[in-house]
2 protein chains.
Amino acid sequence: MRISKLYFFVLVFIASNNFAQSLQWTQVAPGVWKGIVGKPEDYDLLKASGAVMNKGALTKLGNVLFPLVQSDIKAIVRDHKTYLTFPLDKAEQIFGFGLNFQTVHQRGKILELHVDNFAGKDNGRTHAPTPFYVSSKGYGVFINAARYIKVYAGTAVRKDSKNPPVAQDRNLDKSWTSRPYSDAVEMLVPADGVELYLFGGPTALDAVRRYNLFNGGGCLPPRWGLGFTQRVQRLYNSEQVEKEAKDFEDKGYPLDFIGLEPGWQSKSYPCTFEWDKTRFPNPQQFVNNMLSKGVRLNLWTNPYVSKESPIYKSISPYTGSHTVWVGEVPDLSLPEARKIFFGQLKKDQINLGVSGYKFDEVDGGDQYLWPDVATFPSGHTAEQMRQTYGLLIMRYSTQVFHDMNKRTFGLVRANNGGGASFPYVIYNDYYNHEDFITALINSGFAGVLWTPEVRASKTGEEWLRRFQSNVFSPMAMINAWSSGTKPWTFPEVAEQVKEFATLRMQMMPYWYTEFAKYHFEGTPPFRAMNLEPGFQTDLGIKKLEANKNLEENPYEEAASKEIKDQYMAGEYLLVAPMFTGQTSRKVILPKGKWYDFYTGEFAGDGQVITVTPGLNKIPVYVKDGGIIPMMPPLLHAPKAGQKVDLEIRHYGEKPGHYLLYDDDGETFNYEKEDYSFREIRTEKRNGQWGGSISAPQRGKPNSIGNVTWKFMTK
Amino acid sequence: MRISKLYFFVLVFIASNNFAQSLQWTQVAPGVWKGIVGKPEDYDLLKASGAVMNKGALTKLGNVLFPLVQSDIKAIVRDHKTYLTFPLDKAEQIFGFGLNFQTVHQRGKILELHVDNFAGKDNGRTHAPTPFYVSSKGYGVFINAARYIKVYAGTAVRKDSKNPPVAQDRNLDKSWTSRPYSDAVEMLVPADGVELYLFGGPTALDAVRRYNLFNGGGCLPPRWGLGFTQRVQRLYNSEQVEKEAKDFEDKGYPLDFIGLEPGWQSKSYPCTFEWDKTRFPNPQQFVNNMLSKGVRLNLWTNPYVSKESPIYKSISPYTGSHTVWVGEVPDLSLPEARKIFFGQLKKDQINLGVSGYKFDEVDGGDQYLWPDVATFPSGHTAEQMRQTYGLLIMRYSTQVFHDMNKRTFGLVRANNGGGASFPYVIYNDYYNHEDFITALINSGFAGVLWTPEVRASKTGEEWLRRFQSNVFSPMAMINAWSSGTKPWTFPEVAEQVKEFATLRMQMMPYWYTEFAKYHFEGTPPFRAMNLEPGFQTDLGIKKLEANKNLEENPYEEAASKEIKDQYMAGEYLLVAPMFTGQTSRKVILPKGKWYDFYTGEFAGDGQVITVTPGLNKIPVYVKDGGIIPMMPPLLHAPKAGQKVDLEIRHYGEKPGHYLLYDDDGETFNYEKEDYSFREIRTEKRNGQWGGSISAPQRGKPNSIGNVTWKFMTK
């Protein structure tokens, strides 16, 4: 017996270290296949996130064929690494690989997917380096590994390529390129095996939907999460915070939740996770006062435990080998650590009525995280912990709220594959408006949410332009932790800012429904034009002409031509932000008729238009037949049970059809079918537009009061 | 028997994968210790470079004690990675970790040592990411692994630290720092074990010397390598090249070798490794013509094999799985590939009289190298090949010349630990003059040579300033491959450029001797002020005040204060380059008297001086007692056997003592003791300065004609 056991051990050792593996595929849901190569690790992204697929919704999306030729997907394990190869067609474009800030087209990139602060250059180091990509051919690939994954996205050229590039002589051949054609996506996963998933189409958006549903569906924020939020300056005390809320109300600016920054805790960097008694002498009364004004609280923290924290002694045995800002790092993959850590948040803050958190500093920047040489009591490596810490802190904080049947909506600096269902929005310290929009576009490929937050600005114009974009994003937020800026700080644009903050509130029924689609159907509420039917018929790799100055561009690198300054917001809206200094811009309207959001006028059809919107408008277009349900300009989101009137807007010539989502807006009762989709129809009869909405379902929450109709296109 | 073998296998497997290893140290030469942990890999930097230590020179440096407490150095193997920890004292500064371009002080850095093009940010990705660091306390550490090594250089803070930082509360404590004190250098080597080396002092320079001698000593270029070199514009034909050489002569500018850029080969990117018949119809005659004018040839190439190359068919079985620019990548760790590759260079070019190569594109930039998923017929991984390709191409090309007993001196884009003895200078496409100087400083810690080459300039001032620095570097070169710029392109500074090119030639006896010291004694000819006695008594970590604008600097990061704009050139010279736009600058003179290089006047002693040298001068200072041997302003380096007169300059008040190196300047006969050091002495007797030089040694080469003396300090 002993001998045969040893034989087995040796054979496993040899097999998992040195030899080629055959990739085994099994269908796990309609349109979703799991592949296994080698010996996948015990701990991975899905284990960390605990994601449970929405099999019902996946089944609804229907069966499709395996979208690639199986033998074209290759896997081999050697040198304790898994080598993966996927085919690429000539005309194929690929998207995804996480929250990239500068490029939408990923074909031609080399990335190392690595949870990190975005440091100004897309190289795979980002807040959500989701190992998932989508092809324009209508399929998606997800690598379920909590490791730093090297990606060659159509860059590596194999000698044995089926479609090798033709060699060109750089001496005289003007068609020479520094980046020869590659017909493969190749990846290196530093593990002795890996589990991967393939998602079918037929469209790229279908593949994205399947990926999100496989992750349990996108998050459904509470209604109040879609209102407006201001993060006050650090070190504010309870009086200052209450005054801030009063100022918003007095001046007529909407406000649903306020974020407290460092200073609410007795110590920060590292943290104590308890209220500071001098600035917040009576936390319960403070929270009550705020809630009574209709304003919830979100608390900043990082997870690094100060020796002064009441949980220090108990959690210390469950922390990693290294400190961050001299604070110990809870091993949140251990139940013991979670119980202590989240127990403290619950006892000291959530039980008082605090509505959510901003989990800061879980992304890295290398200097601001544990090193790769750290070890953790769970036995997970520093690398695995880094790739999953955001998942863990989102998962288990959400669990606390879930156990109380209260939704939360917060901020986080790290996410990854498996995290689509968590009610957290990513933010960072970077502050380029253009790149913020690119990130918003890419968030839709990564199963994450991103806010192009507004912090400070040099001019009123910049302030307003950033604010306008922010209103068409998952979280409308001013983050004044450092600057103390208010919406009205620039008097010359204070009215316009108020107008857009108000518009955000009016559009809440639309946003809420679009998030419900994210949850129940997997459709990202904010996403790339490339997922929109009729956008760009040629998805091939277009290149701009190379800079021919060899001193500046020695490899004659051509730039990729891609659209990263306009995006889709919900089913119907096309948003084209204006950036500081711009007075006009080009907008690409996909095929089909598009209408001006503000006036209802016809804007174009499958064409490039140039618009000069003035400072007061951000260009927004509505698809033909689009329905935008609006509510009155409240200063706070409707509470559970509160009825609000609707003005349902219709755009264009086509009849409208919309399923308006409704539930209590605050609890998880929707998980028990306690929600409804009300059917809205608009059509022209006898030259006259009219609309109808289905009756409320018996026994389901109903927040809709009177309904009026507005047909925007004359 | 079988059972016990299996037991052994299993035990090795367990031991090398999961458990702590004890580090075993053995002394391999006086002041040099080898440490072993786990199971080091078969292929490493020293195996690739073939470096053979100069035990005689190491023995001469003498015995010292093991410079650290052995138990403070920790090593453990887990997750197929080796974790290393080395101690750091409070006041200790560390230097090295390869050819960094922006910082000299490495304490506080996080790096991944990775052969790559330098992309504008010091992060360990550079042309020579030598895994070697030197401490101000006087010891050095070298990790002999051909892997991407993660380095936490005094950044990671362990819970079990002996000297933990004190937690500070960021809320209100103004002394809070984003980067708490760390008392360790930690590294992660992705291998199941590693071989490492410790080098004793007592000074940091001694540790550097030991490292270089352990690598076989620094390279000794041929004399002509220290002259001036011009790289002509790409696609030049033989007539144009000959005319270029004639222009230099006609105008009176020195020129020792000309570099040909893409175009001399029939095809480039990928390459054929044979002359282009249209541009170079008669290569032998062309080479002869050039040599007869005293001008040698250096040929650009990259190693990527075109299908049109005469060696394609034979070498293809010995190339990697992936192509670079559609060219196949010779596995130069295989003798078969080397024989074919270098055989072609020898047959087609070296046998004709070509004197050297510029091996381009062996560094990376990721897009321009094989991917990490590539495999090679030798079985070495893509990572191992990337870390060593520069070593391999330098080693075996040098071997070809060595076999012919002719020295070579060339250019390369990648080097690494083990490569100090190869006669190659690193260059790249980056072009920041300030950062070029920082790289020159760091080259001295990395066992490599670097040229701050001159390519193009916007103004005559920039041209001259860059040229002045270039003359005080390992290779005085204009690289006009793209611009076609000549030394006289800016007429307003053409005379000054000629003056400095001429100065380079006059100083050849000094440069040649200083390189001999690099070879025989290990002292880098170009090095940091930090290695100079009397420079900076306080080597602690000085910080500049942090930018207090939290919007711009959210982590309140302080900048490190370090000297990276002046350096030592040879034993006596302190060079303080001027950058475009500067009219004056500060120079830190170490303790001891320093004199102006041009006038011999006293400049200062252990103080900061401000100088306003005008456009015609680069500030250079000579140490008290400094001897600078100069030769007449020849246009070409003296040939073997040619005698040149010497003017020996003495600076300052102290008597001078110098060992002047001499050999034939062209062959490897110096390896057979066929060289001499002539002793120069200067002293004041009866108020009168006088000098003496020892007689030539019988049977040794003697290149010295008449000697005159110049006592620069009045």
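The values are calculated or read from the model by the stated rules, or taken from the named source; none is laboratory data. Quantities reported herein were computed from a predicted structural model and do not represent experimental measurements. Cβ atoms come from the backbone with ideal geometry, glycine included; neighbour counts cover every protein chain shown. Surface accessibility is based on the protein's heavy atoms, side chains included, excluding ligands, DNA and RNA. Shrake-Rupley method; radii C 1.70, N 1.55, O 1.52, S 1.80 Å.
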| request: Filter the strands (runs of 3 or more DSSP E) completely within segment B:566-620 down to those with at least 2 residues that are farther than 19 Å from B:Q468 by Cβ and outside the structural domain of B:V471 (by TED's automatic domain parsing). | output: B:585-596, B:602-611
| message | So B:K684 passes all but one of these: (1) open to solvent by less than 40 Å² (accessible area, probe 1.4 Å); (2) over 26 Å from B:H402 (Cβ atoms); (3) outside any loop (DSSP other than H, G, I, E, B). Which condition number does it fail? | response | (1)
| query | Considering only segment A:664-681, how many residues are among the hydrophobic types (A, V, I, L, M, F, W, C) and either loosely packed, with under 13 Cβ neighbours inside 10 Å or in contact with a strand residue (DSSP E or B) (Cβ under 6 Å, 6 or more places away or on another chain) (or both)? | reply | 2
| said: Go through (1) under 16 Å from the mean Cα position of the chain (by Cα); (2) farther than 30 Å from B:L352 by Cα; (3) open to solvent by 10 Å² or more (accessible area, probe 1.4 Å) for B:F445 and report which single condition fails. | reply: (3)
| query | Would it be correct to say that B:S306 is open to solvent by 10 Å² or more (accessible area, probe 1.4 Å), hydroxyl-bearing (S, T, Y) and touching a strand residue (DSSP E or B) at 6+ places or on another chain (Cβ under 8 Å)? | reply | no
| remark: Per the filter on segment B:639-662, residues open to solvent by 10 Å² or more (accessible area, probe 1.4 Å) and outside any strand (DSSP E or B) are B:K639, B:A640, B:G641, B:Q642, B:K643, B:E653, B:K654, B:P655
| query | So which residues in segment B:159-172 are open to solvent by 60 Å² or more (accessible area, probe 1.4 Å) and either more than 9 Å from chain A (Cβ to nearest Cβ) or within 39 Å of the chain's Cα centre (by Cα) (or both), if there are any at all? | reply | B:K159, B:D160, B:K162, B:N163, B:P164
| task | Please give the number of the condition B:T59 fails out of (1) open to solvent by less than 10 Å² (accessible area, probe 1.4 Å); (2) part of a helix (DSSP H, G or I). | result | (1)
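Each row is one residue, and each column tells you yes or no for (1) closer than 25 Å to A:G522 by Cα; (2) surrounded by fewer than 23 Cβ atoms within 10 Å (Cβ to Cβ); (3) more than 17 Å from the chain's Cα centre (by Cα).
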site: A:V104; (1), (2), (3): yes, yes, no
site: A:L111; (1), (2), (3): no, no, yes
site: A:A128; (1), (2), (3): yes, no, no
site: A:V151; (1), (2), (3): no, no, yes
site: A:T177; (1), (2), (3): no, yes, yes
| request: Working carefully through the options B:K121, B:K137, B:K90, find the one that is out of contact with any strand residue (DSSP E or B) (no Cβ under 7 Å at 6 or more places or on another chain) and either within 11 Å of chain A (Cβ to nearest Cβ) or outside any loop (DSSP other than H, G, I, E, B) (or both). | output: B:K121
| task | Working carefully through the options A:L113, A:L99, find the one that is in contact with a strand residue (DSSP E or B) (Cβ under 7 Å, 6 or more places away or on another chain), within 14 Å of chain B (Cβ to nearest Cβ) and not charged (D, E, K, R). | result | A:L113
| field | Residues (more than 14 Å from every other protein chain (Cβ to nearest Cβ) and farther than 13 Å from B:V497 by Cα) located in segment B:443-471 | value | B:S443, B:G444, B:F445, B:A446, B:G447, B:V448, B:L449, B:W450, B:T451, B:P452, B:T459
| Sole exception among (1) closer than 30 Å to A:A494 by Cβ; (2) surrounded by 13 or more Cβ atoms within 10 Å (Cβ to Cβ) for A:G606, by number | (1)
| task | Output the residues belonging to segment A:73-87 that are in a strand (DSSP E or B) and open to solvent by 10 Å² or more (accessible area, probe 1.4 Å). | result | A:K74, A:A75, A:I76, A:R78, A:K81, A:Y83, A:T85, A:P87
| task | Can you tell me which residue among A:P330, A:P377 is outside the structural domain of A:L46 (by TED's automatic domain parsing) and out of contact with any Leu (no Cβ under 7 Å at 6 or more places or on another chain)? | result | A:P330
| query | Which of the residues spanning segment B:581-625 are over 21 Å from B:T682 (Cα atoms) and under 25 Å from the mean Cα position of the chain (by Cα)? | reply | B:V587, B:I588, B:L589, B:P590, B:I618, B:P619, B:V620
| query | Has segment B:358-368 got any residue that is within 14 Å of chain A (Cβ to nearest Cβ) and of a type in the set (V, I, T)? | reply | no
| request: Note down all Cβ pairs under 7 Å where the first residue falls in segment A:384-406 and is touching a residue at least 60 places away in the same chain (Cβ under 8 Å), the second is open to solvent by 40 Å² or more (accessible area, probe 1.4 Å) and part of a helix (DSSP H, G or I), and they're at least six residues apart or on different chains. | output: A:Y396/A:R338
| field | Residue check for A:V287: crowded, with 17+ Cβ neighbours inside 10 Å, of a type in the set (A, V, I, L, M) and either assigned to a loop (DSSP other than H, G, I, E, B) or over 28 Å from the mean Cα position of the chain (by Cα) (or both) | value | yes
| request: Considering each of A:T375, A:T301, A:T319, A:T388 in turn, give the residue that is within 26 Å of the chain's Cα centre (by Cα) and either open to solvent by 40 Å² or more (accessible area, probe 1.4 Å) or within 14 Å of chain B (Cβ to nearest Cβ) (or both). | output: A:T301
| query | Of all the residues that make up segment A:32-84, how many are under 28 Å from the mean Cα position of the chain (by Cα) and either within 19 Å of A:G201 (Cα to Cα) or at pLDDT below 95 (or both)? | reply | 19
| query | So which residues in segment A:140-155 are out of contact with any Ser or Thr (no Cβ under 6 Å at 6 or more places or on another chain) and within 12 Å of another protein chain (Cβ to nearest Cβ), if there are any at all? | reply | A:R147, A:Y148, A:I149, A:K150, A:V151, A:Y152, A:A153
| field | Out of B:A75, B:A48, B:A146, B:A128, sole residue that is among the small types (G, A, S) and over 24 Å from B:P371 (Cβ atoms) | value | B:A75
| task | Tell me, please, whether a residue that is without any contact (Cβ under 8 Å) to a residue 24 or more places away in the chain, open to solvent by 10 Å² or more (accessible area, probe 1.4 Å) and facing another protein chain (nearest Cβ under 10 Å) can be found in segment B:184-207. | result | no
